[in-house]
Structures are given as C-alpha cells and as structure tokens.
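The values are calculated or read from the model by the stated rules, or taken from the named source; none is laboratory data. Predicted, not measured: the structure shown is a model, and the values here were computed from it. All Cβ positions, even for glycine, are placed from backbone atoms using ideal geometry, and neighbour counts span all protein chains on display.
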Amino acid sequence: MSKSTVIERQEALTGPSLTPHPNLSDAVNRNIVQSEIEGGVFLDSLQPATVLQIQTRHHCYTAVLIGGSRALISGHPQYCPQPVLVAIAGSTWGGSMLKLHFVGRGMHLEFHHPEYRTPIITSPIQEIQECAAGHQSQVHALA
C-alpha cells in the first residue's frame, strides 16, 4: 500500500467527506460514504507508469497509467484483449452519477475506448492492486 493512499484513506474516513451533503439524496450520500469505506484510488494521486490490476466480477484488467485519465488497458476478451489507449472517466454505482478519475471497490469502472461511441462500463470492481512498474510480480493492495 502506498503511503499517499494510506493518508488519503485515513483522511477520507475521518474528514468532512463523510458528512452528508444537504443537496443530495440519502441514496447518493450513502453511495459516496460507501465508496470511501470500501476503498479505492484517485488516478490523480498516482504517478505515470503506475500499473493497476483491477479485478471485477467477470474480468481482471491491467491498466498502465500514462498520465491524467489516460491509460493502456487490457483484460476484456472483446473490448481490450490487447492493451489499448483509453480515457478512464472514473467509477459509477451503476447509474449516471460518476466519481471522476476514481477507481473504487464495489463500483463499476467507466472508460472511453477509441473504437466505441459509448463508454465501456465494467461489472463491479472487487479488488484494486498496484504493481510496481516493470515488476508485476510484486503486488501491493491499494486500500
């Protein structure tokens, strides 16, 4: 687990982000709090060349971060059997609300593939792991 992820997780669990927002519904507030409890990582907090292994209910994706929201992603037999450059939008709870540039457990990863008009949305994420760049055998849990 990287130091910055530990700090973010601790701040998330003790900070004001767990206070319900008065302008959002109870269901939305519950989802936001649940994403903080389940864990995940903001892509902006990771360095380029970071390798993430994202295990969903149906597939295991590998994402090599390029910078910003761009990544080389592979792991789906139809959409990305080989690495393809995509833009990771973030994660959803299965609806239209998106947590930008966030990959979160229990949520669905959403990314934009250059060959498809609509975003690709995965099954729920079960685990997220960071691999040392170039050393994929050394795996560290993110949250």
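For the reader, a short list of remarks on this structure follows.
- Qualifying residue in the stretch 113-126 (condition: touching a Lys or Arg at 6+ places or on another chain (Cβ under 7 Å), among the β-branched types (Val, Ile, Thr), modelled with pLDDT of 95 or more and part of a strand (DSSP E or B)): yes
Matching residues to (1) buried (at least 18 other Cβ atoms within 10 Å of the Cβ); (2) touching a residue at least 12 places away in the same chain (Cβ under 8 Å); (3) out of contact with any His (no Cβ under 6 Å at 6 or more places or on another chain):
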| site | (1), (2), (3) |
| --- | --- |
| His58 | no, yes, yes |
| Ile66 | no, yes, yes |
| Ala71 | yes, yes, yes |
| Gln78 | no, no, yes |
| Val84 | no, yes, yes |
| Gly90 | yes, yes, no |
| Leu100 | no, no, yes |
| Val103 | yes, yes, yes |
| Met107 | yes, yes, yes |
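- Those residues of the stretch 74-90 which are part of a strand (DSSP E or B) and either hydrophobic (A, V, I, L, M, F, W, C) or over 18 Å from Val51 (Cβ atoms) (or both), in sequence order: Cys80, Val84, Leu85, Val86, Ala87, Ile88, Ala89, Gly90
- Checking Ala12 against (1) touching an Asp or Glu at 6+ places or on another chain (Cβ under 6 Å); (2) modelled with pLDDT of 95 or more, the condition it does not meet: (2)
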